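Scroll down for the structure; my scribbles are underneath it.
Since every read-out is calculated from the coordinates, none of them should be taken as a lab result. As the structure is a prediction and not an experimental result, all values here were calculated from the model. Every residue, glycine as well, gets a Cβ built from its backbone with ideal geometry; the counts of neighbours run over all protein chains shown.
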Amino acid sequence: MSIADYGFLLRERSLANAVAAPTKFAEYLAAGLKVLISPGVGDYSDLVEKHALGHVIDENRTDLPLAPTSLEERERLICFGHDQFCKRRYRENYCELITGLVSREAP
């Protein structure tokens with residue numbers, strides 16, 4: 001992936017893909033790749049548009065401005081992916097969840 005400029009995350013429209021959280025999305029960002037994604041893939045399609053992480057594409061879109069990804073852009077994508085998807089970001093949530101589960105099991 002390190003020599004590519006884009007990662008493809010193309011999915012058919014379905015209920016499963018509408019609630020999906022493909023690991024490949026975070027992997028692409030971690031590699032500094034922009035993402036070409038189908039509409040309606042979990043929250044990720046909106047995230048791509050909102051944060052300029054690539055392009056949401058469908059069969060009607062023929063004007064994709066594809067260009068090589070600059071080093072600065074790769075760094076931005078890597079930082080965004082790290083900030084949004086690293087384990088440390090969710091550590092407190094995991095601890096609260098585990099604590100809640102353990103306290104419910106206690107007599």
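Between amide H atoms placed 1.01 Å from N, distances below 5 Å from GLY7 occur with LYS34, VAL35, LEU36, all of them 5 or more places distant or on a separate chain. In order along the range 42-51, the Karplus-derived 3J(HN,Hα) couplings, from 6.51 cos²θ - 1.76 cosθ + 1.60 at θ = phi - 60°, round to x, 8, 6, 4, 5, 4, 4, 5, 4, 10 Hz, and Gly and Pro are given as x.
Using the Karplus relation 6.51 cos²θ - 1.76 cosθ + 1.60 with θ = phi - 60°, the per-residue 3J(HN,Hα) values for the range 99-104 come to 4, x, 5, 5, 5, 6 Hz, with x marking Gly and Pro.
Along the range 5-17 the Karplus relation, 6.51 cos²θ - 1.76 cosθ + 1.60 evaluated at θ = phi - 60°, assigns HN-Hα couplings of 10, 9, x, 9, 9, 9, 9, 6, 6, 7, 4, 4, 6 Hz to successive residues, with x for each Gly and Pro.
Under the rule a/c < 1.5 gives rounded, and otherwise a/b versus b/c splits prolate from oblate, where does the chain land using the Cα gyration tensor? Don't skip to the end; give the middle numbers.
Values: a/c = 3.38, a/b = 1.71, b/c = 1.98.
Here the chain falls in the oblate category.
A Gaussian network model of the chain, with springs between Cα atoms under 10 Å, assigns the largest mean-square fluctuation among LYS50, LYS24, LYS34 to LYS50. For the range 24-73 and the range 82-105, what is the separation of their Cα centres, given in Å? Between the Cα centre of the range 24-73 and that of the range 82-105, the gap is 28 Å. In this rough spin-label picture, where each label sits 7 Å from Cα along the Cβ direction, the GLU72-VAL19 distance is 4.2 nm. Ordering ILE78, ILE3 from the fewest to the most neighbouring beta carbons within 10 Å gives ILE3, ILE78.
Using Cβ contacts closer than 10 Å as the measure, can you line up ARG74, ARG88 from fewest to most? Ordered by Cβ neighbours within 10 Å, fewest first: ARG88, ARG74. Close amide H pairs (under 5 Å, H built 1.01 Å from N) link THR69 with no residue at least 5 positions away or on another chain. Placing pseudo-labels 7 Å out from each Cα toward the beta carbon at HIS51 and LEU101 gives an inter-label distance of 2.6 nm.
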